[in-house]
Amino acid sequence: MTTDKALHSDLAIPPGEFLAEILESRQISQAELGRRMGRPVQAINEIVKGEKSVTPETAIQLEQVLGVPAHIWTGMESECQLVRARAQEAQQVKQETNLLDEISYPHLVKLGVVQAVRGGVDRVGQLKNFFGVASLENLAQVRTYSPAFRVSRKKEASPYALAAWLRCGEIRASAIETKPFSRDGLKAGLAEIRRLTNDPPARFASALKNALADYGVALVILPHLPRTYAHGATFWLSPGKAVVMMSIRGSWADIFWFSLFHELGHVLLHGNRMTFIEDGDSDPEVVKQEEAADRFAANVLIPPEKHAQLTSLPLATAERMVACARTMGIHPGIVVGRLQHDGLVSQMTPLNRLRTRLKWSARTGKS
């Protein structure tokens, strides 16, 4: 990722200073200039002192009286205003360097989304280009990132780190070709996706991404950044393209699959103008939607009638778990994980050997 650096002068000549030099060289008083222009002497004095801008109308009058073209006056005024604006912007950037503590810049460098620069001001500049904002403080107002600023603080998640993770997902999803989103297609494809739980990552990774792309969903698997604490997220690049992000946080395969179907629940159940960050938002309405997505995921992986049969078993053994999983067409680790979530099986159970862990490359998302 490269950017071009433009050079900007901070030595612009104020039009008032230039006007004072002309008046002195021609021995014209400010009062005389005011009479010739039909302007009060106070207005001329304010221009000379830089307290009043040279408007296009004033520039034309100066051209008529002094013979200096109007575009010279407006050009100097414009350049001075630009220099002042850049000075203010530089001060703002210095203040925003405090936000660098919220984002692990080296991680973004490793992902190839920003350049490896050292100075805080330069890093802020890179991040503004990365996010496409004039100020990092504007991130809270961007629709895709705004939910990151409503996250629960119980885990000290950083909204800026979450926004950076979402932005990385945006970039990767933009490069993924998908068919137009099909709600009916995705619903019909859930069974196919569910069967992939039995495959090892080396086999299901590409199949899963391809299947979702056929339904209009770009799957982005990206390691969580420090201080994000997110398993997954859902947002839309356009009405015809949904994005599901997965972090593999914790690396348990059963948690990955539950989180995946949770995010697909958001895609199918909720609007295409919202961003959802799993286990993050404390807004009551969003909490309801999160709970609905949880129910969706739980019921797709283990239908209620199968869950009732499962919980009625007198003894949880590895053989019984494998047999139950086989009848449901899912990986036995998902069955064990569900029983642990229900409090029916200990977290320290020997059945944990039926659960598997996932490992992914930070750049490719492949096992």
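FYI, it's all coordinate maths here, none of it is from the lab. Quick caveat, the model's predicted, so the values are computed rather than measured. Cβ placement follows ideal geometry from the backbone for every residue including glycine, while neighbour counts extend to all protein chains displayed.
What size of dipole, in debye to the nearest 20, comes out for the chain about its Cα centre when the only charges are +1 on Lys and Arg C-beta atoms and -1 on Asp and Glu C-beta atoms? Intermediate values should be presented prior to the final figure.
Values: 44 positive and 38 negative charges, 326 e Å.
That gives the chain a dipole magnitude of about 1560 debye.
Looking only at Cα atoms, what is the convex hull volume of region 97-153 per residue, in Å³? Walk me through the intermediate numbers first.
Values: hull volume 5.3 nm³, N = 57.
About 94 Å³ per residue, rounded to a whole number.
Label sites at residue 46 and residue 311, each approximated as a point 7 angstrom past Cα along Cα to Cβ, lie 7.6 nm apart.
Ordering 303, 317, 333 by Cα displacement along the dipole of region 302-361 toward the positive end leaves 333 in first place; charges were set at the Cβ atoms of Lys, Arg (+1) and Asp, Glu (-1).
Roughly how tilted is helix 201-214, in degrees to the nearest 10 and between 0 and 90, from the longest Cα axis of the chain? That works out to roughly 60 degrees. Simple rule: put +1 on each Lys or Arg Cβ and -1 on each Asp or Glu Cβ in region 15-96, find the dipole, and look at 42, 71, 61; the Cα lying farthest toward the positive end is 42. Between region 96-164 and region 45-95, what is the C-alpha centre distance in whole Å? Rounded to whole Å, the Cα centres lie 35 Å apart. Inter-part distance, region 253-322 to region 168-229, computed on C-alpha centroids, equals 17 Å.
Starting from the Cα-Cα distance between residue 25 and residue 184, subtract it from 0.36 nm times their residue separation and give me the gain in nm to one decimal.
Numbers: separation 159, 0.36 × 159 = 57.24 nm, distance 8.06 nm.
Once the chain is fully extended between residue 25 and residue 184, it gains 49.2 nm.
Enclosing the Cα atoms of region 15-96 in their convex hull gives a volume equal to 87 cubic angstrom per residue. Between 0 and 90 degrees, rounded to the nearest ten: what's the tilt of helix 120-131 against the longest Cα principal axis of the chain? Approximately 70 degrees, to the nearest ten. Over the C-alpha atoms of region 302-361, the Rg to Rh ratio, Rh being the Kirkwood estimate, stands at 0.97.
For residue 98 and residue 192 in one chain, what is 0.36 nm times their gap in residues minus the Cα-Cα distance, to one decimal in nm?
Numbers: separation 94, 0.36 × 94 = 33.84 nm, distance 4.74 nm.
Going from the current span to full extension adds 29.1 nm.
Summing charges over neighbours of residue 104, with a neighbour being any other residue whose Cβ is under 13 Å away from its Cβ, gives +1 when K and R count +1 and D and E count -1.
Descending by average beta-carbon neighbour count within 10 Å, the peptides 261-271, 19-29 line up as 261-271, 19-29, the highest first. Rounded to the nearest 10 degrees, the angle from helix 70-96 to the longest Cα principal axis of the chain is 40 degrees. Comparing 278, 290, 57 in a Gaussian network model of the chain (Cα springs below 10 Å), the most mobile by mean-square fluctuation is 57.
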